[in-house]
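Worksheet for the structure shown next.
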Amino acid sequence: MLFIYNVWRRLPDGERREWLLERWPDVKLAGDWIEWQFDNPQLSNAKNGLLYADSECAFGYGNSTQGYSVYADFACMEALLGFAEMAQSIGKRTEASQWRTRAGEMRSAIAENYIVSDGGHPAVWTLKHAGWAFQSALLGPLILQTDRRGFLPDPDDNFHGITEASYLRLLGKWRGESPDHYDPYWHDDTDKPFLPKAGLQNPPLGSYGVAMGYGQGFVTQAALLLDRMDEAGEMLKWTARNIYYADYEPYIVPEGVEVHPSGKYWFRTGDLGNGVQQAEIMKVLRLVIGVDDTDPARLKVLPRMPKGWTRISIDEYPAWIQTGSGITQVSLEYLLERNESGMTLELSPNVPLAGGIAVRLGPFEKKSDGARVTLNGKKLQARPEKSGDSFWVTVETDAVLKCYRFEVLSSCDN
């Protein structure tokens, strides 16, 4: 459903309405399918406002209550909101209202059934519904937002802090920080016998590749979206190590990776080029590059270049954005460089950007309210901010140019 929504949103203005009207019976059927499951719980096993998920996200390692997952419910909630937007655009107000109402009810049910907060720990997603390697399905409410809301999560969303706390628990648990007792914050009944032990049996920080997509991909996406760039940098190093093998298909993404407890040796496992695993690693790279066309009305470029990196370049990178003739696929080139005095971004679209552009650059180690930001040599109003473990600078412009050169001159220690 989210894929269909994103196809629709990126269609040229003159084609979108006709495209949706032609496909409306199928679109309506998909949206109503979720409602049907709640109306027929004896057949669907939906209960407590949650859907039954016949999915790996609900049957993976650590899931003692099979069939229910915050990952699956959040994905369906987001999809209904997207479909409601589609319905509203062609005057289908009844369906739009029904789907928005159901999405709101699902959000309330997610909060009521999946969140735990006791024992002096922060509120987190319960481990009773934690599928996939490293129980990474609990990161769904963060990483799935990018498909509808864009690459900058809303820190004021009440699910944001819960997912960040769950992410930190995941890292701590697999570092061996969890206590060796039955604390439900750290362990569920099904994984207590398998709790990681201190020392060599824990994976190295940044290595979660037993499943490259559901493990390495999900956890790295979460680190990037939370702007936790120290951790993201280590995860990206392990991502590169896990993919590369000199003797055969050196850069293809494997299904998984086995890592020696010392962290000195590893080898690829499973089928090479597994579509789902590869897709999540590609999404990691999309977040690093940061070209966000989720809202075609205004292109956002939000690179997350790890500390220690000095350069990222892209060529012929596709994006769907507003131009003078409507929403159009454009091709972008950019060169992002970090230097001793700050950071520069040179970006060239192959057609004018009618809707302007918003750019966020960083990370920087220190906040600098006096940072000078220029566009093609002319000073811009900049907004410095702290996010995650770093500082960032955001600028916006309505200028329509063939080439944009943003430069941040800062006293920050890069």
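General observations
- Screening the chain for whole DSSP H helices with an alpha carbon extent of at least 27 angstrom along the helix axis and a mean Kyte-Doolittle hydropathy of at least 0.5 yields 70-89.
- Length gained when the stretch residue 26-residue 42 is fully extended (0.36 nm per residue, less Cα-Cα span): 3.3 nm
- Under 16 Å of direct C-alpha separation, and excluding same-chain neighbours fewer than eight residues apart, residue 47 reaches these lysines: 128.
- Proxy reagent accessibility, fewest Cβ within 10 Å first, across 340, 346, 231: 340, 346, 231
- For the stretch 236-282, the Cβ-based charge dipole about the Cα centre amounts to some 280 debye (Lys, Arg positive; Asp, Glu negative; other atoms uncharged).
- Charge tally in the Cβ shell below 14 Å around residue 318, where Lys, Arg are +1 and Asp, Glu are -1, residue 318 excluded: -3
- Local electrostatic count at residue 38 - Lys and Arg +1, Asp and Glu -1, tallied over other residues with Cβ under 12 Å: -3
- When the Cα positions of 371, 151, 75 are compared along the charge dipole of the chain, 371 comes out farthest toward the positive end, with charges on each C-beta of Lys, Arg, Asp and Glu.
- Assigned charges on the beta-carbon of Lys, Arg, Asp, Glu; the stretch 209-307 dipole about Cα centre (debye): 300
- If you bin all the Cα-Cα distances of the chain at 10 Å, starting from zero, the percentages per bin are 4, 20, 28, 27, 16, 4, 0.
- Here the chain is assigned +1 on the Cβ of each Lys and Arg and -1 on the Cβ of each Asp and Glu. Its dipole about the Cα centre then comes out at about 840 debye.
- Anchor residue 307: lysines whose Cα lies under 16 Å away (excluding residues fewer than 8 positions away in-chain): 237, 366, 367, 386
- Signed unit charges on C-beta, dipole axis of the chain, positive-most listed residue 34, 52, 287: 287
- Straight-distance crosslink candidates among aspartates and glutamates, where the alpha carbon sits under 12 Å from residue 379 and sequence neighbours closer than 8 are dropped: 396, 407
- Principal axis extents of the C-alpha atoms in the stretch 40-114 (largest first, rounded to whole Å): 44, 22, 22.
- Nearest-0.05 FRET efficiency for residue 366 and residue 101, computed from C-beta distance (R0 60 Å): 0.80
- Using the Cβ-Cβ distance between residue 33 and residue 341 with R0 set to 56 Å, the FRET efficiency works out to roughly 0.50.
- Of the peptides 354-366, 315-327, the ranking by mean beta-carbon count within 10 Å, highest at the top, reads 354-366, 315-327.
- Segment residue 260-residue 272, extension gain: residue separation times 0.36 nm, minus the distance between their alpha carbons: 2.3 nm
- Helical mean residue ellipticity (222 nm; -39500 (n - 2.57) per DSSP H run of 4+; nearest 500) of the chain: -11000 deg cm²/dmol
FYI, it's all coordinate maths here, none of it is from the lab. Please read all numbers here as calculations on a predicted model, not as lab measurements. Backbone-built Cβ (ideal geometry, glycine too); neighbour counts: all protein chains shown.
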